[in-house]
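As structure tokens, the structure follows; a few thoughts come after it.
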Amino acid sequence: MAGRLIVISNRIPLGGPPSGGLVVALHECLEQIGGVWIGAADETVETPAATFTEHKEASYQKLTFDLTKEDYRTYYLGYANAVLWPLCHRRGDLIDLQQDYRDGYYRVNERLAQMLADIVTPDDRIWVQDYHFFPLAHALRKLGVRAAIGFFLHIPFPTRTDLEALSDQREFLDWIAAFDLVGVQTKGDVASCLEVFRAMGDGELQLDGAMRHGARRFHVQSFPIGINPEGFAQSAGEEDGREILNLRPNEKLLIGIDRLDYSKGLPNRMRAVGQYLDMRQPEDPRATFLQIAPPTREGLAAYEDIRNELEQISGAENGKHSDLDWTPIRYIHQMVPRHRLAPILRAADVGLVTPMADGMNLVAKEFVAAQDGRDPGVLVLSRFAGAAEQLEGALIVNPFDIMEMADAIRTALVMSLEERSERHEQLARSVFTETIDHWTETYLNAFDRVIPISMPLSA
Ligand code: ADQ
């Protein structure tokens, strides 16, 4: 029997139809070709089981593994999100290296490797998602698993300098090299990965493009992730976003939608809106800025800090610029149902996507897909979002430069229909071609191509 596709991700959608581009794509892919999806259970337990729990709710197998409260604190909140996340998003100042975090991360990855080793056959293809599982392939190899193991990193690949913050950088290289195909979002990430191995490893790039590292050979390639643009465009037309938001007839709308994360550049974005309002001439449009930023990773100090900072900035800017009949910044600190996001994005004249660092950023693509092509809005996009490699039709900005962003807001608000349409055409071409289905397809094709030439494992 041909082997199965086994997908591993920290989060697995349970109980009801999945929503959101990535989970839907993985779900559909597994429905088509069959296989297994493995993720962490929703609730923590006292003592983790040594085997997976099966959830019979799909045509493929859904399995979960247990986490204890301590695992969640150390592996998930700690090492994954207070060490690796800031490290990969160039926020060395926020890295919180603690021994129990590291222990928890290793413990969970090793436990999962052991559970996987019990069910994997040599013909299976294992596809590991994201930074929660950097050591997983290495742990599996140590247990003698010879199946093909692929990886996709959704966040930026760390540079050589970033990695210096880790206690053991050589080990990170061994982790990466234990995969057969390392997928990253951008060409820039491929370059970072190769540079790390060139400078810190003992391997070399071979003629077929594989990187050798000790006795291992692996491939690294970019697969920019996308969305389901048709579905998003359709739901954008199902409701009137201006009505949902109760906007006045001539009121212009600037929009930002992000998890409340320090990587997303929200403070500088709000400052740039404030700067635009400061510089606004009487003939310049009055625009309301709506920022939707639901809480995430609560319990980590850095997230508490960013929340306080935003409350302070929005309060200060509103105090300065509000009028009797107008509040310029509307800041919503909660999730919005997905079916309402698309009409809201369509209603916006300008989409502000200004992260300080971001693997891809799907909101940029959702903004494009949601636009009405006859009267499209303008995307203002940080050059540090992975999406900037593809979305050349956006106004590309430096999120560290508040004045530049304020200028871009003004340019976007007064842009002619002709220029908006031209830019939108380029953006839509990319978003509607490099979709989420294209992403799964190209990754799995590349995976199949590299498997036969991967070097057999050394002991
Ligand atoms: P994220 O950091 O979560 O993902 P992003 O790519 O922007 O960032 O995806 C966020 C998703 O959540 C979008 O689909 C968005 O619509 C949704 N969302 C955001 N705010 C919401 C709200 N208030 N209500 C409802 N939905 C909301 C990580 C990486 C990214 C990479 C993705 C996928 O950090 O760089 O693009 O994975 O690979």
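Here are some notes:
- Working note: Karplus 6.51/-1.76/1.60 with θ = phi - 60° gives segment 172-180 the couplings 4, 5, 4, 4, 5, 5, 6, 7, 8 Hz, where Gly and Pro are set to x.
- Under-5 Å amide H pairs with Arg217, H placed in peptide plane, nonlocal only: Met455
- Sum of -39500 (n - 2.57) over DSSP H runs of 4+, divided by residues of the chain (222 nm, nearest 500): -12000 deg cm²/dmol
- Reachable aspartates and glutamates, given that their alpha-carbon falls under 13 Å from the alpha-carbon of Lys320 and they are not under 8 places away in the same chain: Asp278
- Selection of GluC sites (Glu not before Pro), segment 168-243, meeting DSSP coil and at most 12 other Cβ within 10 Å: Glu204, Glu238
- Computed over neighbours whose Cβ is under 14 Å from that of Gln426, the net charge equals -3, Lys and Arg +1, Asp and Glu -1.
- For Val378, the residues 5 or more places off, or on other chains, whose built amide H falls under 5 Å of its own are Val350, Gly351.
- The share of accessible area on segment 211-273 that comes from carbon and sulfur is 44 percent, using a 1.4 angstrom probe.
- Loop-located GluC sites (Glu not before Pro) in segment 335-398 whose Cβ has at most 12 other Cβ within 10 Å (DSSP): Glu392
- Structure note, pairs Lys69/Lys264; Lys62/Lys264; Lys187/Lys365; Lys187/Lys264: Cα-Cα distances above 26 angstrom occur for Lys69/Lys264; Lys62/Lys264.
- Tensor-based shape of segment 332-390 (alpha-carbon gyration tensor, a/c under 1.5 rounded, otherwise prolate or oblate): oblate
- Inter-probe distance in nm under a simple model that places probes 7 Å from Cα toward Cβ, at Ala117 and Val414: 6.6 nm
- Neighbour net charge for Gly3 - beta-carbon separation under 15 angstrom, K R +1, D E -1: -1
- A DSSP coil position with no more than 14 other Cβ atoms inside 10 Å describes the following GluC sites (Glu not before Pro) in segment 55-141: Glu57.
- The gain in end-to-end length when the Asp202 to Asp168 segment is fully stretched comes to 10.7 nm, 0.36 nm per residue minus the alpha carbon separation.
- Shape of segment 298-448, Cα gyration tensor, a/c cut at 1.5: oblate
- 12 Å beta-carbon shell around Ala139, net charge (K/R +1, D/E -1): +1
- Beta bridges from DSSP with both residues in the chain: antiparallel share about 15 percent, rounded to the nearest 5.
- With protein chains left intact and a 1.4 Å probe, residues in the chain average 42 Å² of accessible area per residue.
- A convex hull fitted around the alpha carbon atoms of the chain yields 146 Å³ per residue.
- With the convex hull drawn around the C-alpha atoms of segment 110-266, the volume per residue stands at 193 Å³.
The values are calculated or read from the model by the stated rules, or taken from the named source; none is laboratory data. Everything numeric in this text was worked out from a predicted model, so none of it was measured. Every residue, glycine as well, gets a Cβ built from its backbone with ideal geometry; the counts of neighbours run over all protein chains shown. Note: areas computed on protein heavy atoms with side chains; ligands, DNA, RNA excluded. Shrake-Rupley method; radii C 1.70, N 1.55, O 1.52, S 1.80 Å.
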